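Below is one structure, written out as C-alpha cells; the observations come after it.
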Amino acid sequence: MSRFVVMTACDAKYGDFLVEQWLQSLLDHVDRASVDVVIFDYGLTDAQRAALKAHGAQTVRCVANGHIVNIRYRDMRRFLLKSKYEQVLTCDGGDIIFQQGIGNLFKDHPVEFRATREEFLDPFMRQMLIKNPLKQGVVAEATRELRERPAINGGLIVAPKRKFIDLCTFIEENISDRKVFGPDQFILNIYLARKGYHDLGRKYNFIPSMTRERFSIRNGTFLDEGGRPIPIVHNAGNFFRTVADFGYGPGHNRILSLRLIFLRTIRREYTWMCSKNESRTRP
C-alpha cells in the first residue's frame with residue numbers, strides 16, 4: 001500500500017471520461033510509487049472496470065442508493081477505516097483534468113485540510129435547499145455561511161486520513177435526503193469553517209466560471225495569464241458547464257464564450273450586491 005491515495009466516485013454515465021481523460025491525465029502527473037488510485041464504483045460497465053484495472057486503478061463496488069455526491073462519503077469512510085494511508089486526495093471524476101504534477105498537494109500543510117474557495121458567491125446554490133436535503137440543525141448555519149462568503153469548492157479536497165474520515169462522518173450525519181444533488185457542498189463548508197483549512201488557490205481547482213482570471217487554451221491545454229499550464233481544471237457547474245468537448249490534451253476543450261460571460265457576470269454582480277447589503281446591515 002502506498003502512503004497517499006487519490007479517490008473518486010463514478011457511474012457508467014461518466015465512466016468513459018473517467019478512463020480516457022481523468023485517469024490518463026492523473027497518471028501523467030502523479031508518482032505511482034507513492035500514490036494509489038481508488039475508484040468507488042456506482043455502476044460502471046465491465047469494459048470501464050477492465051480499463052481501470054489495466055491502468056492499475058483499484059475499484060470498490062458500492063450500493064447506489066442515493067446521489068453519488070452524497071453517498072460517496074459513506075463508502076470512502078468505510079474504505080479508509082481499513083486502510084493505512086497517510087494523506088487522502090478526493091476529487092470529482094467526471095469533470096476534472098490534471099495538467100501538472102500534484103505531489104506537493106500531499107506534502108504541503110500535511111496536518112490541515114486543503115481546498116480552494118471560489119471567488120464569487122453563487123446565486124444558484126440556494127436552489128439546492130428547496131427540497132430540504134439538510135438536517136434542521138445545520139440549515140441556518142449553512143445558509144449563513146454561503147450568504148456571507150463564496151463557497152469552498154468540494155470538487156477537490158486534500159486531508160490527513162483521520163481528519164477526512166471525520167469529515168465523511170459529519171456529512172453523513174447531516175444529510176436528510178441522500179438522493180438530492182448538492183447538500184454535501186453545504187455541509188462541507190460548515191465543517192471547514194469550524195475546523196479551518198489551507199486555501200490551495202484557484203490553480204489547483206480552476207473553475208472557469210468562478211474566477212476573474214483570464215486564461216487561454218492552446219492545443220487543448222488550459223494556460224494561465226502567464227502562459228503556464230493550470231495544474232487542475234474543473235469544468236464544474238452541473239447544468240452550467242462552460243467548456244465543450246472537455247478533456248485532456250489536443251482535440252479537446254472549446255470555451256462556450258456566451259455562457260462563460262453570462263455566468264461570470266451574474267456571479268460577479270451577485271457577489272457585489274451581497275457585499276453591499278452586508279455592509280449596510282452591519283452595526
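Return the long-range amide H neighbours of GLY93 (sequence gap of 5 or more, or a different chain), with a cut-off of under 5 Å between placed amide H atoms.
ALA9
Which of the helices in the chain, when you take each full DSSP H run, stretch at least 24 Å along the axis at their Cα atoms and have an average Kyte-Doolittle score of -1.0 or higher?
What comes out of the filter, once short or polar helices are dropped, is 257-281.
If you keep only loop residues by DSSP, which trypsin sites (Lys or Arg not before Pro) in segment 57-128 have at most 10 other Cβ atoms within 10 Å of their Cβ?
Here the trypsin sites (Lys or Arg not before Pro) that fit, given the DSSP loop and packing criteria, are LYS82, LYS84.
Name the residue, out of ILE171, ILE207, ILE217, whose mean-square fluctuation peaks in a Gaussian network model built on the chain with Cα pairs under 10 Å.
Ranking ILE171, ILE207, ILE217 by mean-square fluctuation puts ILE217 first.
Averaging sequence separations of C-alpha pairs under 8 Å and six or more residues apart, then dividing by the length of segment 168-283, give the relative contact order as a whole percent.
18 percent
Relative contact order for the chain using alpha-carbon pairs under 8 Å, separation at least 6, rounded to a whole percent?
Reported as a whole number, the value is 21 percent.
How big is the charge dipole of the chain about its Cα centre, in debye rounded to the nearest 20, if each Lys and Arg gets +1 on its Cβ and each Asp and Glu gets -1 on its Cβ?
Using Cβ point charges on Lys, Arg, Asp and Glu, the chain gives about 560 debye.
Check VAL60: other-chain or 5+ apart residues with amide H under 5 Å from its amide H, H built from backbone geometry?
Hits under the 5 Å cutoff: ILE39, PHE40, ASP41.
Which length gain, in nm to one decimal place, applies between ARG78 and ASP245 when the Cα-Cα distance is subtracted from 0.36 nm times their residue separation?
Gain on extension, ARG78 to ASP245, equals 56.6 nm.
Which of MET273, MET125 has the fewest other C-beta atoms within 10 Å, and how do the rest follow up to the most?
Exposure proxy ranking, most exposed first: MET273, MET125.
Dividing the convex hull volume of the alpha carbon atoms of segment 208-281 by its residue count, what do you get in Å³ per residue?
In segment 208-281, the Cα convex hull volume per residue is 103 Å³.
Using only Cα positions of segment 88-150, each an equal point scatterer, no hydration layer, compute I(q)/I(0) via Debye at q = 0.16, 0.18 Å⁻¹ and quote the log10 values to two decimals.
Log-scaled intensity ratios, in q order: -0.82, -0.95.
Under the √(5λ) rule applied to the eigenvalues of the Cα gyration tensor, what semi-axes describe the equivalent ellipsoid of segment 169-249? Give them in Å, descending.
Calculated on Cα positions only, the semi-axes equal 30, 17, 9 Å.
Under a point spin-label approximation (7 Å from Cα along Cα-to-Cβ), what is the ASP224-GLU119 distance to one decimal in nm?
Going by the 7 Å Cα→Cβ label model, 1.2 nm.
Evaluate E = 1/(1 + (r/R0)^6) for GLU269 and VAL139, where r is the Cβ-Cβ distance and R0 equals 22 Å; express this FRET efficiency to the nearest 0.05.
The formula returns an efficiency of 0.25 here.
Give the residue from GLY196, THR143, ILE171 lying farthest towards the positive end of the charge dipole for segment 140-246; charges sit on Cβ (+1 for Lys and Arg, -1 for Asp and Glu) and the dipole is referred to the Cα centre.
Comparing the listed Cα positions along the dipole, GLY196 ranks first.
Could you list, in their original order, any pairs among LYS135/LYS195; LYS13/LYS195; LYS13/LYS53; LYS161/LYS195; LYS13/LYS163; LYS107/LYS161 whose Cα atoms are separated by more than 23 Å?
LYS13/LYS195; LYS13/LYS163
What's the magnitude of the charge dipole for segment 208-281 around its Cα centre, counting Lys and Arg as +1 and Asp and Glu as -1 at the beta-carbon? Answer in Debye, nearest 20.
180 debye
Given the DSSP H assignment, sum -39500 (n - 2.57) over each helix run of at least 4 residues in the chain and divide by its residue total; what's the result at 222 nm in deg cm²/dmol, nearest 500?
-11000 deg cm²/dmol
Which value in Å does the Kirkwood hydrodynamic radius of the chain take, with 1/r averaged over all unlike C-alpha pairs and then inverted?
Value: 19.4 Å, from the Cα pair sum.
Counting Lys and Arg as +1 and Asp and Glu as -1, what is the net charge of the other residues whose Cβ lies under 15 Å from the Cβ of GLY249?
Local net charge: -1.
Where a number appears in this text, it was derived from the coordinates with a stated rule and is not lab data. On a predicted model such as this, the values are computed, not experimentally measured, just so you know. Neighbour counts run over all protein chains shown; Cβ positions are idealised from the backbone, glycine included.
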